[in-house]
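Inspection log for the structure reproduced underneath, given as structure tokens.
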Amino acid sequence: MSRKKPGEFQVVNHSVAREDGVAKVTGRAVYASDIRLEGMAYAKLLRSPFAHARILSIDASEALRQPGVIAVLHGNNLQGIDPYYGHAVKDHPLLAIGKVRFLGEPVAAVVAEDERSAYEALESVRVEYEELPGVLEVDAALADGAPLVHETSYAGGSFRGFDDPGSMKASNICQEVHLEWGDVAAAFAQAAQVVEGVYYFPMAYAYAMEAYVSIADYNDSGLTVYSSAQHPFIVRHDLAGVFGLFLNRVRVVVPFVGGGYGSKSYTKIEPLTAACSWKAKRPVKLQLSVAEAMLTTRNDDARVRIRTAVDREGRLVAREATIHLNTGAYAENSPLVARKAANRIVGPYRIPNVKVDCCAIYTNTVPASSFRGFGATQVTFPGESQMDELAEKLSCHPVEFRRKNLAARGESIHPGLRPLDADLAGDIAMVVQALETDKPLSKGHGRAVACSASDAGSDPVTSTIVHVYADGSVSVMTGSTELGQGSHTVLRQIAAEEMGVELQKVRVIGPDTAVTPFERSTGASRTTTLMGRAVLEACQEAIVQLRDMAAEILKTAPENLILERSGVAFQDRRLSWQDVLRTFFGLSDCSIIGRAYLRKVGDLALLPVFWEIGCTGVEIAVDAETGRICLERLVTVGDVGLAIHPAMVEGQDLGAATMGLGIGLYEELLYEGQQLLNGNLLDYRVPRFSDLAPKIDLLLVQNQDGRGPYGAKGGGEGSLNPIPACLANALYQATGVRLRRLPLTPERVWRALREQRNKGDNVGH
Amino acid sequence: MMLLRRFEIHQPTSVAEAVQMLAHFGEDASFYAGGTELLLAMKHDVLRYKHLIDVKVVSGLDSIELRDGILRIGATATHRSVERSPLIRSHLPVFVDMEQRVANVRVRNTGTLGGNLCFADPHSDPATLLLALGASVVAEGPRGRREIPMEDFITDAYETSLGTDEVLTGIQVPAATPQQRAAYVKFQVHERPMLGLALVLETSDNGESFRDARVAVGCVSPRALRSAEAESLLTGSRSAVEGNLLRAADALADSAELMDDPEGSAEYKRNLIQTFLRRAFQKAVGQP
Ligand SMILES: Cc1cc2nc3c(=O)[nH]c(=O)nc-3n(C[C@H](O)[C@H](O)[C@H](O)COP(=O)(O)OP(=O)(O)OC[C@H]3O[C@@H](n4cnc5c(N)ncnc54)[C@H](O)[C@@H]3O)c2cc1C
């Protein structure tokens, strides 16, 4: 069967109304914090005032006497459960046990009849600490004789590959990843030009409007948790481990999620909330504030020492990098971030000799984990900065230089991984055209183009069920989380397209691990590609059943039937799916089930599932007097194979680029000693509408070259990755100043400009 | 964290009753206007009160009037109502220009001018401009009503000379004369400005020369302040003043005793003062 092309689709490839749009704008959409269970109590957390301290004693007796207080949990009264969790390394106790490892770590939870009573009782929990020397930065953590964040090693979590913590007992190294091909030393020795530098990517917080919330109900039939979690099935696995329950006794339900950007991935407050319910014997709600969310997770800030070499013809010959990730107090997802950072530092280029050493390092700071684009954001900044630095050395236009080195479609950029499945040269050409790079620049303005390729999609295990009803309606059961990215709408479109029904007749039932089939996760830009494909295949499987039923009704062989948009034709007879079900079962309200699962076989055997492309361009204006950078122009490319919903792809690209703008110009979590200085939204500066460029082009590339439905592949993270490098490169073009540390704050830019002026003066004298 | 402890709200019907309530509850109580600062501080647990006395409900305390060449703005007038007041727009346009850029529209809709001044955050835009405009505030307490010049009102970061038993009832600003050339400029990247700078010049010859100058700088020191040295450098012929701008900026920066802090280094702040004094001058007198 030949594949439909843009223009031939009925529902897909159109920007239809969002499935959740009306509910969200009218405030009727249900988020986890809207859920009220009968008899629900509330938990509040007491947090550590120290970055590193031994807990000498905890006395909760007075707190227990406070009005409304039901239970107090702390590290000394968790007997009966396994309080450690972690999908990579099981190093994270749900409340500090024995010692605290970062300022803000939960030490005790008070459960009370209402939130305020729980909160007011917190100050009556008495905790005695003995402060320990801590390690707040990577260098301190790696120093000889450094205090250890963790003294013991831990078991691995549900993810394989991280269960050998190796030297952990003797050092603060959480995870090492090494990557090598070719002969780097020889290549550098023979290179025509080499650039080398150290780049610093800041500690940032993935701000989402909804902070973490979960509601747990532990009772005789098992554990039910409603949560803002991005990966309900991984949360289920972790919870099953903590409480020693079978998977079918743990039910994780995720209603709408108010944004994640990586911060909601993996297990966060669910084990603690569940432990509160287990202890209090009541359903318990735990809702964090944004300030508390900022003490819960962040990205891994990174220091990257990197050098890149070219030959005389301007071909990349080698890249060597040492990446140090500041992983904070617990591993969370940083082992995977380390692996991705190592993979992604190569970029979409053909580089014959590569050596990368990446190390995730424990420190006494807020634990780091996933952050939109993870790994790629940290390393695309240095990688793409160096592309411009090299281009200058070669007196070559940076775009030309990239073009010369971009891998073509089908070419391998990374031995052992899937060859590149995108046409980056085409993407870059579109950006260049939209950015009008041939037009002269105003004074103080700079332009830049940068790109990235991320091994995306994660482990391609997913499944779905589609119910086809005798009244013509269809339901999709999905374990993919609707985070605002629009996945429910996309899945609905695919089912409507395949079953030949109007969009309104399709309902999407979101994640409930007791009801919806297994989906590994909602991350790595995978949902449209993998869940979308599973929905398509489940519809097709239902259609096969319906065709067989129709054949029986029409007393002919199934092969004789002609498949139509929403039914079959045979000679002069036509049966809709509705007719088929009604006639076959003799009932008007019955239904059948179409199923599909995907796993790592066939065209999904080779990882990644797809390469997620980032290709962006910016024009900036620099105020030399204040050092302030303003974005004048933004161009993104959504190279998504096929845009199931074009407007949402554009929205994702704009959102991702705007996050890149935030980290590029403003966002950085600042520590003074052990204290986080700007852990709230008044002091932590996220981008605003007024920061958006006056001129924005959000371009789409639909080459149908993905392994998702109709050739689709994922998006949503790619346009973040190259933006910080675009900004730094454009700053260089505008002013001649090269900054290797983000964010490019006004003062940093001003200082660099002043230094440059001073140097110029000295030369003059 | 980010949760309010229990408290009671009291709604006085007059200024006198508000003052009585405060006397009655003492240290357990605070006035409460828009709550944009107060409730945030209470949510962060840096302030704790059992009683809040809601001055917003006192009728008439949000009026805006012009009498005897003085604009009289009630303490509970919101930023938004000031920004949209035709009276202020025609009699003190620089104040409207400043108010339009305070915070965001939600904060301006709720936050009051009185609350802004009484909270005495060093990053206040109005406090800086009012200082340069020669404004004063009006307080009422058990001992009656008194006027306090802006110079003496804010005494330090988050400190005012308001008595613990007094309420702020209004702000008085001289309306602009045709001889006035005024501008307020600021540099703002974060939620609060990093620098606010107000320049008020008097000219009797349509900008050829300036017979009087008042300049105030905010955000870079515990409270907004003026510099006599800077002001004298900004007086004289236009070309002389233009030539003095850098020195005047340095004088302002010196009097501010700039410090390195997470917002910026002292030298960067000095640079901002230099840059923005020039921009303020250009804005006030119009570019040639
Ligand atoms: C997000 C955000 C951004 C902001 N950005 C800016 C900015 O760019 N520029 C700027 O200048 N300001 C800014 N602000 C400050 C803002 O202007 C003030 O929050 C607001 O004006 C305070 O007024 P309020 O009525 O809410 O005061 P409240 O919070 O109600 O009160 C503040 C204090 O004043 C006292 N008080 C209030 N009224 C009286 C009275 N009549 N008599 C005696 N005491 C009184 C209260 O007891 C309390 O201590 C910002 C605030 C926020 C939250």
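The values are calculated or read from the model by the stated rules, or taken from the named source; none is laboratory data. Treat the numbers as computed from the prediction; the structure is a model and nothing was measured. Ideal geometry is used to build each Cβ from the backbone, glycine not excepted, and the neighbour counts take in all protein chains shown. For the accessible areas, the whole protein counts, side chains as well, though only heavy atoms, and no ligand, DNA or RNA atoms are used. Shrake-Rupley method; radii C 1.70, N 1.55, O 1.52, S 1.80 Å.
Quick notes
- Residue count for the stretch A:399-416, restricted to those that are open to solvent by less than 40 Å² (accessible area, probe 1.4 Å), touching a residue at least 60 places away in the same chain (Cβ under 8 Å) and not polar (S, T, N, Q): 3
- Single residue of the stretch A:694-711 satisfying the filter (open to solvent by 10 Å² or more (accessible area, probe 1.4 Å) and farther than 17 Å from A:Leu420 by Cα) that is nearest to the other protein chains (Cβ to nearest Cβ): A:Pro694
- Scanning the stretch B:203-220 for residues that are more than 16 Å from the ligand (Cβ to nearest atom), part of a loop (DSSP other than H, G, I, E, B) and either among the hydroxyl-bearing types (Ser, Thr, Tyr) or touching a residue at least 24 places away in the same chain (Cβ under 8 Å) (or both) gives B:Thr203, B:Ser204, B:Gly207, B:Glu208, B:Arg211.
- Selection from the stretch A:463-477 of residues that are open to solvent by 40 Å² or more (accessible area, probe 1.4 Å) and over 16 Å from A:Ser566 (Cβ atoms): A:Ile465
- Condition check for B:Ala33: under 20 Å from the mean Cα position of the chain (by Cα), of a type in the set (A, V, I, L, M) and assigned by TED's automatic domain parsing to the domain that holds B:Val137: no
- Restricting the search to strands (runs of 3 or more DSSP E) fully inside the stretch B:47-147 and requiring at least 2 residues that are modelled with pLDDT under 95 gives an empty result.
- Whichever residue in the stretch B:126-135 is buried (at least 24 other Cβ atoms within 10 Å of the Cβ) and not aliphatic (A, V, I, L, M) and, among such residues, is farthest from the ligand (Cβ to nearest atom): B:Thr128
- Any hit, the stretch B:182-200, residues being more than 14 Å from the ligand (Cβ to nearest atom) and open to solvent by 30 Å² or more (accessible area, probe 1.4 Å): no
- Residue ID - nearest to the ligand (Cβ to nearest atom), chosen from residues in the stretch B:103-112 that are in contact with a helix residue (DSSP H, G or I) (Cβ under 6 Å, 6 or more places away or on another chain) and away from chain A (no Cβ under 14 Å): B:Arg108
- Search result, residues across the stretch A:712-751 that are in contact with a helix residue (DSSP H, G or I) (Cβ under 9 Å, 6 or more places away or on another chain) and within 14 Å of another protein chain (Cβ to nearest Cβ): A:Pro743, A:Leu744, A:Thr745, A:Pro746, A:Glu747, A:Val749, A:Trp750, A:Arg751
- Residue match in the stretch B:90-102 (condition: within 14 Å of another protein chain (Cβ to nearest Cβ), of a type in the set (A, V, I, L, M, F, W, C), under 13 Å from the mean Cα position of the chain (by Cα) and within 13 Å of the ligand (Cβ to nearest atom)): no
- B:His123 vs. criteria within 14 Å of chain A (Cβ to nearest Cβ), surrounded by 18 or more Cβ atoms within 10 Å (Cβ to Cβ) and farther than 27 Å from B:His10 by Cβ: yes
- Some residue of the stretch A:533-545 being assigned to a loop (DSSP other than H, G, I, E, B) and touching a strand residue (DSSP E or B) at 6+ places or on another chain (Cβ under 8 Å): no
- Any hit, the stretch A:135-143, residues being outside any helix (DSSP H, G or I), of a type outside the set (Phe, Trp, Tyr), open to solvent by 30 Å² or more (accessible area, probe 1.4 Å) and within 18 Å of A:Cys358 (Cα to Cα): yes
- Within the stretch A:639-688, tally of residues that are touching a Gly at 6+ places or on another chain (Cβ under 7 Å), away from chain B (no Cβ under 12 Å) and more than 19 Å from A:Thr529 (Cβ to Cβ): 1
- For the stretch A:318-336, the count of residues that are in contact (Cβ under 8 Å) with a residue 12 or more places away in the chain, more than 14 Å from every other protein chain (Cβ to nearest Cβ), buried (at least 24 other Cβ atoms within 10 Å of the Cβ) and among the aromatic types (Phe, Trp, Tyr) is at least one.
- With respect to the conditions (1) in a strand (DSSP E or B); (2) open to solvent by less than 40 Å² (accessible area, probe 1.4 Å), A:Tyr129 lacks only one, and its number is (2).
- When the stretch A:12-68 is filtered for residues that are open to solvent by less than 70 Å² (accessible area, probe 1.4 Å), assigned to a helix (DSSP H, G or I) and under 30 Å from A:Arg533 (Cβ atoms), the ones remaining, listed by number, are A:Gly21, A:Ala23, A:Lys24, A:Ala32.
- Residue match in the stretch B:42-54 (condition: farther than 25 Å from B:Gly141 by Cα, β-branched (Val, Ile, Thr) and more than 9 Å from the ligand (Cβ to nearest atom)): yes
- Members of the stretch B:7-44 that are within 14 Å of another protein chain (Cβ to nearest Cβ) and in contact with a helix residue (DSSP H, G or I) (Cβ under 6 Å, 6 or more places away or on another chain): B:Thr36, B:Glu37
- Members of the stretch A:421-450 found to be open to solvent by less than 30 Å² (accessible area, probe 1.4 Å) and small (Gly, Ala, Ser), listed by number: A:Ala422, A:Gly426, A:Ala434, A:Gly444, A:Gly446, A:Ala448, A:Ala450
- Identity of the residue in the stretch A:605-638, open to solvent by 40 Å² or more (accessible area, probe 1.4 Å) and more than 30 Å from A:Ala495 (Cβ to Cβ), that ends up farthest from the other protein chains (Cβ to nearest Cβ): A:Glu632
- Restricted to the stretch A:209-309, the set of helices (runs of 4 or more DSSP H) holding at least 3 residues that are buried (at least 24 other Cβ atoms within 10 Å of the Cβ) comprises A:232-243, A:270-280.
- In the stretch B:262-288, the residue that is surrounded by the fewest Cβ atoms within 10 Å (Cβ to Cβ) out of those that are over 21 Å from the mean Cα position of the chain (by Cα), outside any helix (DSSP H, G or I) and at the interface with another protein chain (Cβ under 10 Å from one of its Cβ atoms) is B:Pro262.
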